[in-house]
Structure formats: C-alpha cells, structure tokens
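Here the structure is laid out as structure tokens; the discussion comes afterwards.
The values are calculated or read from the model by the stated rules, or taken from the named source; none is laboratory data. Bear in mind that the values here come from a model prediction, so they are computed numbers and not experimental data. Here the Cβ positions follow ideal geometry from the backbone for every residue, glycine too, while neighbour counts run over all protein chains shown.
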Amino acid sequence: MRVRQHVNPLSSRYMELAPPPTWSELFLEPTRPLVLDLGCGSGRFLLALGEQDTERRRNYLGVEIREPLAQRANQWAEEKGLPHVRYLGTNANVNIPGWLASYPGRLEVACFLHPDPHWKKRHQKRRIVQPALARALAERLSPGGHIFLQSDIKAVSEAMVAVFQSCASDVLELDPVHFGGGASADWPPPEAANINQGDNQQRQAAKLAQKRKKKRKAEEAAEGQPPESKSRDAEGAAAAGGERRDADEDEGDADDSDDDDKPTGWAALPGNGWLRHNPMGVPTERETQTVANGGHCWRALLVKKATAAAS
C-alpha cells in the first residue's frame, strides 16, 4: 500500500465535520472503557494492546488522518479476531472532541505517540496536539485516567507536555511514577550515544529536500522554464481559495525550524525526569526502531486528578 507519509491537516479535505460513529456498530460492547491512540499510523501498537487484553475489558480506537491506513488496520483487527480494536480515518482535532461526547463509556487512556514534529514555526499549527483537543480529552477523561505522550525528539515531547499543562493543569497532573525510580532527570544518560537521533534525522531530511528543490529549479532554468513561474501560479491559486500544499510538499529552508524557548513547568519535568520505560507495556514501531538504533524516547504520563469529574 502506497500512502503519503505526511498530509496537511489544515487542508479543506480534512477540515470537514463528520457525524460521530454509531458506537454499537463499531464495538460489540460500547460501554467498555476506551483507549485512544491519536495519530495511530499503521495501527500495530493498538493491535498489540488488544491482543494482550484477552478478557476484552476495554475498547481500543485508533484515529488516523490517512484513511487508507485506518482501513487496512481494521482488516488486520478482523483477521486477528479482535472486535474490541477498531480504527477510524479522520482529523482528530476536528472530530474527536465531538465524537467523544457521544461515547457511552468512559475514556480511560489517550496516547500521542511519535507525532509528526512539523519543525517549521509556521507549521506548528499542524501538530496534532492542539489546545482545544487537549482540553477536550482532559475534560472527558475519567478520574485516574491517563494521557501518555512519547517521542524520540525531546523538543516534541516537551511541546506536547507544555500544551496540556497550559490548558488542563486544573484537572491533570504528572503521574506519581515521575517522582519514583521509574523516571530520571538525566534520561537518557549524558554518556548515551545518538540521544538526539530523531532530531538529526528530521533535519537531515529537510536538508536533502532543500537540495532536491534547488536541483529541480536548476533543471527547470536550464530547460528555459523560469522557476518563478510555478511559485506565481501557486500564489495565485492560494489567493483564489485553493488549498495550500501538503506539509511534505512544502520543502522550505531547513534552517526555518522550531527553536522553542526553554521549557518550564511540566515540560521541563524539574527533578522528576522522563519515564525510562513505556508504561503501556507495548512498544510502538518507531520506539522499537529508535532503541535498536541506539536512540532514546522521551515519555511523560499525565493523570486526571481524583477530585476532577469527567464531563
């Protein structure tokens, strides 16, 4: 299956509101606690969780903006005989808040695992962890429920934690595991190699994209086609209300990256550190690949305060 690696979630095709699913048709027991994987990609992480849950105590829902991936994952779940694992293709920021309001059971866990970093500052609005979605999840989460955040790029994990802190610190807090032996302020250890491998891979990809763009422009100029003509056409289309190019097509300068200010509060995890191990007990594909390459992941676990009621 050939599917685009990145899409622009702000494109008009992904910004349409959709009615919530009929939960009784999606799950055999729609009142069971729900585990969400937002931006689930291929969906293998939830399949592994569903297989571990042999008593089917929970429902598992993967949400992926690239619908073909969700359709394929549903086929895998059916082949494995996992009726409590399902996938939907939609833009989480547009539809999940409304859909969750109609779910008959409680929301127990929501995960954001290795989301697209959207490095450039002008693309940060495309990131999946946005204030409105974070607040909706925090409000819908049952007391004692968890938000699990993970990336192999430290700045991305810091940014995700910072969003939840800024809009939901009244009902969420760092899970106590951050104050025990399962976390470390020096994670990964200072002597570890390739601790920023995710960051390096992303920046290297941006540099290669820029080289390809320059080479393409040179070839067009050599053929007598002014390279500026295409950009003028694109600007005209945008002015006429056309869609902006997807994120992977916008091959801007690699130096136009996200240089966030030094994080504070939860995002800095002062004295508490990042989790050493995945608390879900099942690694993601990216996590497995990262560790195999000698890299590390930055993990944070947020919990809903016992005194906060789910809406």
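Going through segment 65-75 one residue at a time, which ones are surrounded by fewer than 21 Cβ atoms within 10 Å (Cβ to Cβ) and part of a loop (DSSP other than H, G, I, E, B)?
Answer for segment 65-75, where residues must be surrounded by fewer than 21 Cβ atoms within 10 Å (Cβ to Cβ) and part of a loop (DSSP other than H, G, I, E, B): just ARG66.
Whether any residue in segment 189-199 is farther than 16 Å from PHE112 by Cα, exposed (fewer than 12 other Cβ atoms within 10 Å of the Cβ) and modelled with pLDDT of 75 or more is what I want to check. No, the conditions are met nowhere in segment 189-199. For GLU55, which of the numbered conditions (1) within 19 Å of the chain's Cα centre (by Cα); (2) more than 12 Å from VAL35 (Cα to Cα) fails to hold? If we test GLU55 against (1) within 19 Å of the chain's Cα centre (by Cα); (2) more than 12 Å from VAL35 (Cα to Cα), just (1) comes out false.
Residue by residue, here is whether (1) at pLDDT below 95; (2) in a loop (DSSP other than H, G, I, E, B); (3) within 22 Å of PRO283 (Cα to Cα) holds:
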residue: ARG4; (1), (2), (3): yes, yes, no
residue: VAL7; (1), (2), (3): yes, yes, no
residue: ARG13; (1), (2), (3): yes, no, no
residue: GLU16; (1), (2), (3): yes, yes, no
residue: SER24; (1), (2), (3): no, no, no
residue: GLU29; (1), (2), (3): no, yes, no
residue: LEU47; (1), (2), (3): no, no, yes
residue: GLY62; (1), (2), (3): no, no, yes
residue: LEU82; (1), (2), (3): no, yes, yes
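Quick grid of which residues meet (1) of a type outside the set (A, V, I, L, M); (2) surrounded by 15 or more Cβ atoms within 10 Å (Cβ to Cβ):
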| residue | (1), (2) |
| --- | --- |
| LEU28 | no, no |
| LEU38 | no, yes |
| SER42 | yes, yes |
| LEU49 | no, yes |
| VAL63 | no, yes |
| ARG86 | yes, yes |
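Restricted to segment 271-286, and to residues there that are buried (at least 22 other Cβ atoms within 10 Å of the Cβ) and within 13 Å of SER157 (Cβ to Cβ), the residue that is modelled with the lowest pLDDT is TRP274. Counting only strands (runs of 3 or more DSSP E) that sit completely within segment 107-174, those holding 3 or more residues that are farther than 18 Å from CYS297 by Cα correspond to 107-113, 141-151.
Report yes if some residue within segment 113-121 is buried (at least 19 other Cβ atoms within 10 Å of the Cβ), in contact with a Phe, Trp or Tyr (Cβ under 6 Å, 6 or more places away or on another chain) and not charged (D, E, K, R); otherwise report no. Looking for residues that are buried (at least 19 other Cβ atoms within 10 Å of the Cβ), in contact with a Phe, Trp or Tyr (Cβ under 6 Å, 6 or more places away or on another chain) and not charged (D, E, K, R), one finds none in segment 113-121, hence no. Would you be able to say whether some residue in segment 147-164 is polar (S, T, N, Q) and surrounded by fewer than 20 Cβ atoms within 10 Å (Cβ to Cβ)? The answer is no, given that none of the residues of segment 147-164 is polar (S, T, N, Q) and surrounded by fewer than 20 Cβ atoms within 10 Å (Cβ to Cβ).
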